[in-house]
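As structure tokens, the structure follows; a few thoughts come after it.
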Amino acid sequence: MASPLIIVENSPHELAQTAAERFVRTAKQQVAATGRFVAALSGGTTPRPFHRLLGQCYKTDMPWDRTHLFWVDERLVPYSDERSNFGAAKADFLDTVPIPGDQVHPMPVNRPFDTGAADYQALLAREFGRWGSAYPVFDYIELGVGIDGHTASLFPGRAPERNPSAWVLAVRGGDPPVDRLTLSFSVLNRARRVSITAAGRAKADVVGRILSGRAAGLPAAAVAPVNGELTWMLDAAAAGSVNGQPR
Ligand code: 6PG
């Protein structure tokens with residue numbers, strides 16, 4: 001994988017604007033090329049300003065009718081729970097943009113732990129199989145990073161997966177301490193484009209360590225799309241001493 005593109009914006013709002021512009025531009029390019037745009041979204045707080053901009057400013061200037069949304073990870077709580085990643089996206093933009101309901105694929109939260117992982121894996125196989133792909137190759141995967149270097153719900157210090165070829169994993173705990181489902185590295189690193197977004201001073205240390213190659217072993221440092229582009233999108237506070245590049 002080539003070196004990641006690093007974008008640094010002055011403020012969280014400018015970061016959200018850039019994230020929204022890139023998301024929409026990528027969607028239009030992908031729809032023009034293949035007729036669809038298939039993306040996986042993360043949760044947490046960082047993407048919410050970007051997601052809200054999608055709902056406020058891109059109701060029409062985005063090919064929602066050709067967009068298929070999946071989730072990178074999900075906490076096993078009801079979608080109405082404030083910890084729910086899908087629930088947050090629903091509030092931030094899904095309830096206001098014209099995306100067809102059958103093109104929105106939240107992770108299942110109402111069944112046993114391992115069952116949910118297997119069911120979402122089967123859904124990925126079905127949906128990508130419809131598009132002629134034996135593997136889930138996302139056009140765009142949005143990730144965040146925790147101060148401990150986790151990404152998605154792939155946490156440091158965890159035992160290697162029993163089934164490394166699994167696409168969806170069931171994971172105990174994390175922050176918040178709740179069981180989760182998460183896409184695995186075998187899916188993350190198959191994507192055509194991956195963006196990792198970080199904002200705020202609290203992320204500066206982990207971002208600096210990862211981007212300077214001093215974070216071997218941290219999950220976010222293992223995101224390296226084999227045939228795709230990796231972009232880090234940072235605000236000035238999270239970038240610290242990391243220099244951005246012209247985008
Ligand atoms: C989750 C997220 C997770 C998130 C990081 C950063 O479900 O917890 O997908 O991977 O991206 O924890 O979270 P913040 O954006 O809240 O700092």
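The values are calculated or read from the model by the stated rules, or taken from the named source; none is laboratory data. If you're wondering where the values come from, they're calculated on a predicted model, not measured in any experiment. Cβ sites come from the backbone with ideal geometry, for glycine too, and all protein chains shown count toward neighbours. Ligands, DNA and RNA are stripped out before the accessible areas are found, and what is left, the full protein with its side chains, is counted by its heavy atoms. Shrake-Rupley method; radii C 1.70, N 1.55, O 1.52, S 1.80 Å.
Side notes on the structure shown:
- Every residue from the range 57-100 that is closer than 13 Å to Leu41 by Cβ and among the polar types (S, T, N, Q): Thr67, Ser84, Asn85
- Check on Gln103, under 17 Å from Phe138 (Cα atoms) and either without any contact (Cβ under 8 Å) to a residue 24 or more places away in the chain or β-branched (Val, Ile, Thr) (or both): no
- For the range 165-193, the candidate set comprises residues that are among the hydroxyl-bearing types (Ser, Thr, Tyr) and in contact with an Asp or Glu (Cβ under 7 Å, 6 or more places away or on another chain); within that set, the residue that is farthest from the ligand (Cβ to nearest atom) is Ser184.
- Scanning the range 153-164 for residues that are within 14 Å of Asn189 (Cβ to Cβ) and touching a residue at least 60 places away in the same chain (Cβ under 8 Å) yields a single hit, Leu154.
- Condition check for Leu234: in a strand (DSSP E or B) and open to solvent by 10 Å² or more (accessible area, probe 1.4 Å): no
- Annotation note: Cβ proximity below 9 Å between a residue of the range 125-152 that is over 30 Å from Ala202 (Cβ atoms) and within 16 Å of the ligand (Cβ to nearest atom) and a residue that is assigned to a loop (DSSP other than H, G, I, E, B) and open to solvent by 40 Å² or more (accessible area, probe 1.4 Å) (sequence gap 6+ or interchain) occurs for no pair.
- For the range 228-247, a residue qualifies if it is touching a strand residue (DSSP E or B) at 6+ places or on another chain (Cβ under 6 Å) and of a type in the set (Ser, Thr, Tyr), and exactly one does: Thr231.
- Any strands (runs of 3 or more DSSP E) falling wholly within the range 1-88 and containing at least 1 residues that are within 15 Å of the ligand (Cβ to nearest atom) and either buried (at least 22 other Cβ atoms within 10 Å of the Cβ) or modelled with pLDDT of 95 or more (or both): 37-41, 67-71, 73-75
- Options Ile210, Ile196: the member that is within 14 Å of the ligand (Cβ to nearest atom) and over 26 Å from Asp81 (Cα atoms): Ile210
- Residues satisfying the stated conditions in the range 221-245, i.e. touching a Gly at 6+ places or on another chain (Cβ under 8 Å) and over 19 Å from Glu9 (Cβ atoms): Ala221
- One residue stands out in the range 91-146 among those that are part of a loop (DSSP other than H, G, I, E, B) and polar (S, T, N, Q): the one that is surrounded by the fewest Cβ atoms within 10 Å (Cβ to Cβ), namely Asn110.
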